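Written out below as C-alpha cells is the structure these notes cover.
The values are calculated or read from the model by the stated rules, or taken from the named source; none is laboratory data. Computed from a prediction, not measured in an experiment: that's the story for all the values here. Cβ atoms come from the backbone with ideal geometry, glycine included; neighbour counts cover every protein chain shown.
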Amino acid sequence: MVTVSETHRAIEAVWRIEAARLIAGLARLVQDVGLAEELAQDALVIALEKWPETGVPPNPGAWLMSTAKHRAIDQLRRKERLARKQQEIGRDLEQRQHAEIEVDDGPDFGDDLLRLVFTACHPVLSTEARVALALRVLCGLTTKEIARAFLVPEPTIAQRIVRAKKTLARKQIPFEAPSGDELAERLPAVLEVVYLIFNEGYTATAGADWMRTELCDDALRLGRILAGLVPAEPEVHGLVALLEIQASRAAARTGPTGEPVLLLEQDRTRWDQLLIRRGLAALERAEAIGAPPGPYQLQAAIAACHARARTADETDWARIARTYEQLSEVMPSPVVELNRAVAVSMAFGPEHGLHLVDQLVAEGSLSGYHLLPSVRGDLLVKLDRPAEARAEFERAAELTANTRERDLLLKRAENCG
C-alpha cells in the first residue's frame, strides 16, 4: 500500500519535472507569467489533496494541465475585471482543453518552453531579477531555496520575483520566442542566466558549502533544454559542453569533510566519464556548426583540455594558454587575464605568470577579488618566496565570504611557515 508520504514524494518529483512545461503552456494561453504560475500552484495544491486518495494518475502532467485550465476558466468567469480576457481567453480555453490535454505530446511543447525561457530572461529585467525568476518558474525552486542559495534575505528574493512579474505585465512583454536578429540579440541574456546559476552552484559565493550541486543540476537542465530548442546556435552547445564537463568533477571537488579539493589535486578517477563524453559531444556539435567560437565554446575547449588529461601532468597547458588568449579577444576581462596568467605559469614557468598577475595588481580592477592574491600567493610559493606568499593567502582569506574557501586559504598561509 502506498503511504501518504510516498505519494507526496512522488508529487514533488512530478512537480520538479512538469512545472516548467506546465507554466509554459499556461502562460501561452493567459499571456501572463505570474498568473500562469499561480494557476500551476493551484493545480499542485489540488494534487496534494486528491492524489493521496486516488493515486498518482498515469499522465500526471496532463492531469495538472487540465486542472489548471479549469481553474483559469473559473477565475476568468468570477472576476469582472477580467471580463475581456474571459471572452478572448476563456472561450479559447474551453475549446482547446480536450485537444491539448496531452501536454507531453503537443506540437507546441517546445515552442511554449522556449517562450517561457526567453520571457523569464527578458533584457527588460535586471540580471538579478532574471536569475530569481528563472530559478522560480523554470527550475521550480521556492523563494526560500533561492534566497538560501544566494545568501540573500527571503523577502528580497520575493520582491525581486514579484517586481519581475509586474514589470513583464506592465511593459506588456509578449509571451513569445524571438526569431532572427532578435533571437541572436536576446540569446546572450538567456545564456548568461544559465551560466550564473551554474557558477553559483559550482563555487558558492558565500556560506559554509563549497558547492551547491542542486543549482548546477538546474543550470544543466536549462542548458540541455535550450540546446534542444535552438540546435543551430553554437554558443548554446558551447555552454552545455562547458557545464557538462565542469559538472563531471563534482564528486572530486570536495574531501571527506566537505573541504575544497583543487583541480590539480583531484582524484580524476572520480570524474564522471558520462558527463565528460556528453560535454565533448556538445563541443563537437558547436564546432561542427562552423561559426567563429564564442566565449562559452572557448571556455568549453579549455575544460575539454583538462577532461582529456588522464593526470594533471598530462594537461596541455600551452594549448590552454593559447585558448585563453583567444577568449580575451572575444570577451576582454581581467578575470580571463588572471586565468590566462595561471595557464602561462603552468606552461612556461611561474615567473611569466607572476609578471601578468602583477600587471593586474597594478591595473587595480580586481583589488577586491580574492582569487587575485590567491593566485599570486601560489606563484610566490613556486618561486620560493614563502613570506610574501603567506601574506597573499591571508589577504585572499580576508576577501572571500565562503567559509570553506577561507579555511583552505588560511591553511595554505600556515603551510608557508
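Values for this structure:
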read-out	value
Odd one out for G368 among (1) in contact with a Leu (Cβ under 7 Å, 6 or more places away or on another chain); (2) of a type outside the set (S, T, Y); (3) assigned to a helix (DSSP H, G or I); (4) surrounded by fewer than 21 Cβ atoms within 10 Å (Cβ to Cβ)	(3)
Matching residues, region 300-337, being out of contact with any Ser or Thr (no Cβ under 7 Å at 6 or more places or on another chain), within 23 Å of R277 (Cβ to Cβ) and not in a helix (DSSP H, G or I)	R310, T311, T315, D316
Residue satisfying all of: in region 364-398; among the polar types (S, T, N, Q) and touching a residue at least 12 places away in the same chain (Cβ under 8 Å); nearest to M346 (Cα to Cα) among these	S374
From I320, I276, I245, I225, residue being closer than 18 Å to A347 by Cα and of a type in the set (V, I, T)	I320
Residue tally, condition assigned to a helix (DSSP H, G or I) and either more than 20 Å from F118 (Cα to Cα) or not small (G, A, S) (or both), over region 193-229	23
Any hit, region 211-226, residues being touching a residue at least 24 places away in the same chain (Cβ under 8 Å) and touching a strand residue (DSSP E or B) at 6+ places or on another chain (Cβ under 8 Å)	yes
Subset of region 399-413 [free of Cβ contacts under 8 Å to residues at least 12 places away in the same chain and more than 26 Å from the chain's Cα centre (by Cα)]	K411
From A129, A184, A147, A164, residue being under 20 Å from L229 (Cα atoms) and assigned to a helix (DSSP H, G or I)	A184
Every residue from region 338-363 that is small (G, A, S) and either part of a loop (DSSP other than H, G, I, E, B) or without any contact (Cβ under 8 Å) to a residue 12 or more places away in the chain (or both)	G349, A362
Set L366, L399, L379: member being within 20 Å of L264 (Cβ to Cβ) and either at pLDDT 95 or above or aliphatic (A, V, I, L, M) (or both)	L379
Subset of region 383-404 that is among the basic types (K, R) and part of a helix (DSSP H, G or I) - its residue that is surrounded by the most Cβ atoms within 10 Å (Cβ to Cβ)	R404
Close pairs (9 angstrom Cβ cut-off, 6 or more residues apart or separate chains): closer than 19 Å to L215 by Cα in region 150-161, of a type in the set (D, E) and in a helix (DSSP H, G or I) anywhere	F150/E128; F150/E200; V152/E128; R160/E128
Identity of the residue in region 265-296, charged (D, E, K, R), in contact with a helix residue (DSSP H, G or I) (Cβ under 7 Å, 6 or more places away or on another chain) and closer than 15 Å to V240 by Cα, that ends up surrounded by the fewest Cβ atoms within 10 Å (Cβ to Cβ)	R285
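So that you can scan it fast, the table gives a plain yes or no per residue for (1) modelled with pLDDT under 85; (2) under 30 Å from Q172 (Cα atoms); (3) over 25 Å from the mean Cα position of the chain (by Cα); (4) part of a helix (DSSP H, G or I):
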residue	(1), (2), (3), (4)
R9	yes, no, no, yes
V14	yes, no, no, yes
A24	no, yes, no, yes
G34	no, yes, no, yes
V45	no, yes, yes, yes
W51	no, no, yes, yes
G61	no, yes, no, yes
